[in-house]
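The values are calculated or read from the model by the stated rules, or taken from the named source; none is laboratory data. Fair warning: this is a prediction, and the values are worked out from it, not measured in the lab. Quick reminder, even Gly has a Cβ in these numbers, built from the backbone with ideal geometry, and neighbours come from all protein chains shown.
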Amino acid sequence: MHRPGLSGMLISVFVAAWGARAMAAPRVVILEMAGGARDVRQEIRASAEAALRGLGVEVVPQDQVKTRLDDCNVPSCLAELGRQLGASHILEIQGSYVNESYNLRLDLRDGGTGRILGSDSKECEICSAKDFYRAVSDRSAALWTRVVREQAGAGPAPMQAVSATPALPETKVAPPPTRASRSFWRQPLPVFGLGLAAGGAVLLGFGGHYLAVDGEPDPSCAGREPCAFKRTTASLGWGLLAGGGAALLGGVAIVIWGRDEPTGPMVSLGPGTIFFSGSF
């Protein structure tokens, strides 16, 4: 007669104990890098420990950790270590600092299963030892924050009440398309480019004319022979040719590249190659 009540009591105790464990503050075991100078290992551990304590994380004291990373680096061994020390997480620190350069790798594991929850790494070719310790601190805090955020977001999704009548999908009316403003030269047919090209052609004509009449007798000598005055229009002709050529090329370029079309021409430059695409 009392078994249902006893079973309910046991279930309540178990749920309460599990809830208390879930709400307990996290406890982390730090396994420091194997090898290297002892003072360097101590500074590395102190940097990681200070970063975690600053986030409100309890760190297992070093004198309680009798296992090194090179002796216990498989999930089964790490899970047993976490169980013995009552740790919720295990932080592995691997890397080295040699000749003003360092490499760092951090693995944050689950204390119950030994599986990796997140990793982070950093390298530097020319850095001081203080830079190395600062990187350990910054990366440890960033890794812990990221893993906690990911675990919080990976919780079970809340169940939604099932209604008898299925809800119809909401139909959204798309807003009318707005016409984007265009610049004065970026049009389906850029009039500015056509005008510039036409002006360039006119300047080329005048420049050719002045080059052709360079050195001929001046019109004021009409009917008088010989004429001592000669035309000197070469410099003017060459100037008009240069300006006209530039205007013509610019106008053609604007007509080609100024068209407001998705399939307009494109030019891609590569090592030793020029690739044209689109409609010209």
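Close Cβ contacts (under 7 Å, 6 or more residues apart or on different chains) running from residues in region 92-113 that are under 12 Å from V136 (Cβ atoms) and without any contact (Cβ under 8 Å) to a residue 12 or more places away in the chain to residues that are aliphatic (A, V, I, L, M) and in a strand (DSSP E or B) are absent.
How many residues does region 97-128 hold that are of a type in the set (S, T, N, Q) and within 20 Å of A51 (Cα to Cα)? Can you show your working first?
Of the residues in region 97-128, the ones of a type in the set (S, T, N, Q) are 99, 101, 103, 113, 119, 121, 128.
Filter again for within 20 Å of A51 (Cα to Cα), leaving 103, 119, 121, 128.
Qualifying residue count, region 97-128: 4.
Taken over region 217-246, the residue count meeting the criterion of being exposed (fewer than 13 other Cβ atoms within 10 Å of the Cβ) and at pLDDT 75 or above is 2.
Out of all the residues in region 84-106, which are part of a strand (DSSP E or B) and either over 17 Å from G35 (Cβ atoms) or among the hydrophobic types (A, V, I, L, M, F, W, C) (or both)? Within region 84-106, H89, I90, L91, I93, V98, L104, L106 meet the criteria.
Each residue in region 66-83 was checked for being surrounded by 13 or more Cβ atoms within 10 Å (Cβ to Cβ) and either of a type in the set (V, I, T) or assigned to a helix (DSSP H, G or I) (or both), and 8 of them qualify. Is it the case that some residue within region 11-28 is at pLDDT 75 or above, of a type in the set (K, R) and either under 36 Å from the mean Cα position of the chain (by Cα) or farther than 22 Å from Q151 by Cα (or both)? Looking through region 11-28, at least one residue is at pLDDT 75 or above, of a type in the set (K, R) and either under 36 Å from the mean Cα position of the chain (by Cα) or farther than 22 Å from Q151 by Cα (or both). Only a single item in (1) at pLDDT below 70; (2) surrounded by 13 or more Cβ atoms within 10 Å (Cβ to Cβ); (3) in a helix (DSSP H, G or I) is not met by R259, and it is number (3).
Scan region 92-104 and tell me whether some residue there is farther than 28 Å from I126 by Cα and at pLDDT below 90. No, that holds for no residue.
For region 40-65, the set of residues classified as among the small types (G, A, S) and part of a helix (DSSP H, G or I) consists of A46, S47, A48, A50, A51, G54, listed by residue number. Considering only residues in region 107-118 that are assigned to a loop (DSSP other than H, G, I, E, B) and small (G, A, S), the one that is surrounded by the most Cβ atoms within 10 Å (Cβ to Cβ) turns out to be G111.
Quick grid of which residues meet (1) in the same structural domain as G35 (by TED's automatic domain parsing); (2) modelled with pLDDT of 55 or more; (3) outside any helix (DSSP H, G or I); (4) loosely packed, with under 14 Cβ neighbours inside 10 Å:
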position	(1), (2), (3), (4)
F132	yes, yes, no, no
T165	no, no, yes, yes
R179	no, no, yes, yes
S183	no, yes, yes, yes
